[in-house]
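J.: Sending over a structure as structure tokens; questions will come in a sec.
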Amino acid sequence: MKLNLKRPLAFFDLETTGVNVASDRIVEISILKAMPDGTEDIKTMRINPGIPIPLESSLIHGIYDEDVRHAPTFRQAGEELARFLDDCDLAGYNSNKFDIPVLMEEFLRAGIDFEIDNRHFVDVQNIFHQMEQRTLRAAYQFYCGKVIENAHSAEADIKATYEVLLAQIGKYENQDWEDKKGVISKPVQNDIEALHKFTNLNKPVDFAGRMVYNDEGVEVINFGKHKGRSVEDVFQAEPSYYNWMQNGDFPLYTKRCLEKIWKRWNAKKEALRSEKQNTPNPVQAAPVQPKVVEEARPIDTDMLQQLKMKFGK
């Protein structure tokens, strides 16, 4: 089966120093770029994370400090990766919750402009978990009837992920699915926009899920004491909450999204303040009309006659 693509779809997988989105670093990235014409392009790079790789992580992916000692840092390799991913939608396995947030943290940390606002994101794990609920190894066995060779190698994992998506589309295309509200649809289609919607059902604002969109498309806080409240309402009630999040241990991309909402909210406040200042008071005193003073008439014979009759002289 060939994916129905309007633009390239980049499957990517990361091996990292750990699983903390805000503080851990990439040690290897592998990207399989599927092109609309059916061709594929693969790029795999080792990255020097600039921090020691914990032994427990090395035992999983097999990459140790000496393996990346002479590799480029992300700051050095980031521009090349950004160009390779230019105009691509993004896909991966658990990519919405981990790979994309970690990649964005690295780009932001390196000061490299990499916009994701107009991209689609297809998380193959979400399709799998919502339809079957298993792991990548099980998904590959279930959908493709194969065992992953060199599991936890970024390139092996990403090739398996690509094959799993193709098999998922072949299996579920046009199959009915019922959501939690009882609405039945056919969400798995050979269409990236449809897959994007199905694999982003929780509508995250910032990938880490600290903020999500509600049913009206409004950003709401998704944790802590303000969970469920719109971000702008929280700013209105507790403006210091913005500074608390910006200074807290949150991912850089979460802070970037928060800053956009903060600036938009302040612009609305300023526009409302200007509107009030420029609106005239509807209750105004009526203008004072000038008193008309008649000019004095010159004394004539009629006036003298009237005075004589009145005073008897």
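The values are calculated or read from the model by the stated rules, or taken from the named source; none is laboratory data. What you see is a predicted model, and the numbers here were worked out from it, not measured in a lab. A quick note on method: Cβ atoms are made from the backbone with ideal geometry, for glycine too, and the neighbour counts reach across all protein chains shown.
J.: If you check ALA22, ALA82, which single one turns out to be surrounded by 13 or more Cβ atoms within 10 Å (Cβ to Cβ), touching a residue at least 40 places away in the same chain (Cβ under 8 Å) and touching a Phe, Trp or Tyr at 6+ places or on another chain (Cβ under 9 Å)?
T.: Within the list ALA22, ALA82, the selection yields ALA22.
J.: When both residues are 6+ apart or on different chains and their Cβ atoms are under 7 Å apart, which pairs have a first residue that lies in the range 196-218 and is outside the structural domain of PRO101 (by TED's automatic domain parsing) and at positive phi, and a second that is surrounded by 16 or more Cβ atoms within 10 Å (Cβ to Cβ) and of a type in the set (Ser, Thr, Tyr)?
T.: PHE207/TYR253
J.: Which count do you get for residues in the range 28-39 that are over 17 Å from MET104 (Cβ atoms) and in contact (Cβ under 8 Å) with a residue 24 or more places away in the chain?
T.: Looking only at that region, the number is 8.
J.: Keeping to the range 156-180, report how many residues are loosely packed, with under 12 Cβ neighbours inside 10 Å and either over 23 Å from LYS97 (Cβ atoms) or of a type in the set (Ser, Thr, Tyr) (or both).
T.: Here the count works out to 4.
J.: Hand me the list of strands (runs of 3 or more DSSP E) wholly inside the range 1-80 holding 2 or more residues that are under 30 Å from MET245 (Cα atoms).
T.: 9-16, 26-34
Let's see how each residue does on (1) at pLDDT below 95; (2) in contact with an Asp or Glu (Cβ under 8 Å, 6 or more places away or on another chain):
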{"position": "ARG7", "(1), (2)": "no, yes"}
{"position": "VAL21", "(1), (2)": "yes, yes"}
{"position": "ILE29", "(1), (2)": "no, yes"}
{"position": "LEU32", "(1), (2)": "no, yes"}
{"position": "LYS43", "(1), (2)": "no, no"}
{"position": "GLU56", "(1), (2)": "yes, no"}
{"position": "MET104", "(1), (2)": "no, no"}
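J.: A follow-up question, please. GLN76 passes all but one of (1) touching a strand residue (DSSP E or B) at 6+ places or on another chain (Cβ under 9 Å); (2) farther than 24 Å from ASN200 by Cβ; (3) crowded, with 16+ Cβ neighbours inside 10 Å; which number fails?
T.: That leaves (3) as the condition not met.
J.: For the range 16-58, what are the residues that are more than 23 Å from the chain's Cα centre (by Cα), of a type in the set (D, E, K, R) and farther than 24 Å from HIS196 by Cβ?
T.: GLU28, ARG46, GLU56
J.: Another question, then. Looking only at the range 109-132, decide whether some residue is modelled with pLDDT of 90 or more, farther than 23 Å from PRO8 by Cα and buried (at least 21 other Cβ atoms within 10 Å of the Cβ).
T.: no
J.: Still on this structure, I have one more. Please verify whether the range 53-69 includes one or more residues that are among the aliphatic types (A, V, I, L, M), touching a residue at least 24 places away in the same chain (Cβ under 8 Å), surrounded by 13 or more Cβ atoms within 10 Å (Cβ to Cβ) and over 20 Å from ASP157 (Cβ atoms).
T.: Looking through the range 53-69, none of the residues is among the aliphatic types (A, V, I, L, M), touching a residue at least 24 places away in the same chain (Cβ under 8 Å), surrounded by 13 or more Cβ atoms within 10 Å (Cβ to Cβ) and over 20 Å from ASP157 (Cβ atoms).
J.: Can you tell me how many residues within the range 201-240 are buried (at least 18 other Cβ atoms within 10 Å of the Cβ) and in a helix (DSSP H, G or I)?
T.: The qualifying residues number 3.
J.: Would you point out which residue out of ASP113, ASP87, ASP117 is in a loop (DSSP other than H, G, I, E, B) and in contact (Cβ under 8 Å) with a residue 40 or more places away in the chain?
T.: ASP87
J.: I'd like the full set of residues that are among the β-branched types (Val, Ile, Thr) and either touching a Lys or Arg at 6+ places or on another chain (Cβ under 8 Å) or touching a residue at least 60 places away in the same chain (Cβ under 8 Å) (or both), limited to the range 237-278.
T.: Of everything in the range 237-278, just one residue is among the β-branched types (Val, Ile, Thr) and either touching a Lys or Arg at 6+ places or on another chain (Cβ under 8 Å) or touching a residue at least 60 places away in the same chain (Cβ under 8 Å) (or both), namely THR254.
J.: Any residue in the range 135-146 that is of a type outside the set (Gly, Ala, Ser), in contact with a helix residue (DSSP H, G or I) (Cβ under 6 Å, 6 or more places away or on another chain) and buried (at least 20 other Cβ atoms within 10 Å of the Cβ)?
T.: The answer is yes, given that some residue of the range 135-146 is of a type outside the set (Gly, Ala, Ser), in contact with a helix residue (DSSP H, G or I) (Cβ under 6 Å, 6 or more places away or on another chain) and buried (at least 20 other Cβ atoms within 10 Å of the Cβ).
J.: What are the pairs with Cβ atoms under 9 angstrom where one residue, in the range 91-109, is free of Cβ contacts under 8 Å to residues at least 60 places away in the same chain and the other, located anywhere, is among the charged types (D, E, K, R) and not in a helix (DSSP H, G or I)? Sequence gap at least six, or different chains.
T.: ASN94/ASP123; PHE107/ASP113
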